[in-house]
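Since the structure comes first, as structure tokens, the remarks are kept for the end.
FYI, it's all coordinate maths here, none of it is from the lab. Keep in mind that this is a model prediction, so the values were computed, not measured. Every residue, glycine as well, gets a Cβ built from its backbone with ideal geometry; the counts of neighbours run over all protein chains shown.
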Amino acid sequence: MLGNKLLIDIQSAKILCECGLYGSSHTILTVIQRTIRMVGALHLRDDLIVEYLNEEKNSDSDREFMIKFSEGSLQKILDERFGKFKRGEYANLDKSLHGSSVGSKIFYARIRHNSDGTKGGDLTYDAFFEDEKSTAIINIICSAIIDMCGVFIERYQKEKDIVCLKNEYDKLLKAELKNLIKSQIKSDLPNFEKPE
């Protein structure tokens, strides 16, 4: 059920990105992150699955249910298994979901590179195309797919057929990490001062 939702959301984020509607694409990426968090938490705490599946339409007024399935509670389950979540480059992604000033500037504006090396945002009220935003969105989409594969492999890693997949998954993770480091170094290069 969540896998189907995830595939639809990934397609939607990609289409919006290709149309130059980055802000809307980022909101869907936030939803994707939350879906993966839910999948991971349900995998680790399968005692929650029945309650999750029996959720009622009025669960938003059930305080106990809301606390149990809050983003913070789900993240705590993941942190206990995988280590504390570190704020990374996309830590503010949640701000794309509401009308915050920061969310509008970061996700709905064109990036402006100032002469002093800082970045700003130029608000625009139309679709636009920008390499940095496109690259970031595609990286997050690819990461989401890799995360889902990771949950699947962790769940079934003791089965014979999955052992070879785990080796492939590990290779993929190493390759992605290497690419991420390369792209990070590349993006940081313009910020270094040239020696005189």
Q.
Can you give the FRET efficiency to the nearest 0.05 for M66 and I138, using r as the Cβ-Cβ distance and R₀ = 30 Å?
A. 0.35
Q: Given a cut-off of 31 Å, name the pairs among K84/K119; K68/K105; K5/K171; K57/K158 whose C-alpha atoms lie farther apart than that in the structure shown.
A: K68/K105; K57/K158
Q: Can you figure out the FRET efficiency of N4 with S115, using R₀ = 35 Å and their beta-carbon distance, to the nearest 0.05?
A: 0.15
Q: Quickly work out the L165-to-R45 label distance, labels modelled 7 Å from Cα along the C-beta direction, and quote it in nm with one decimal.
A: 2.5
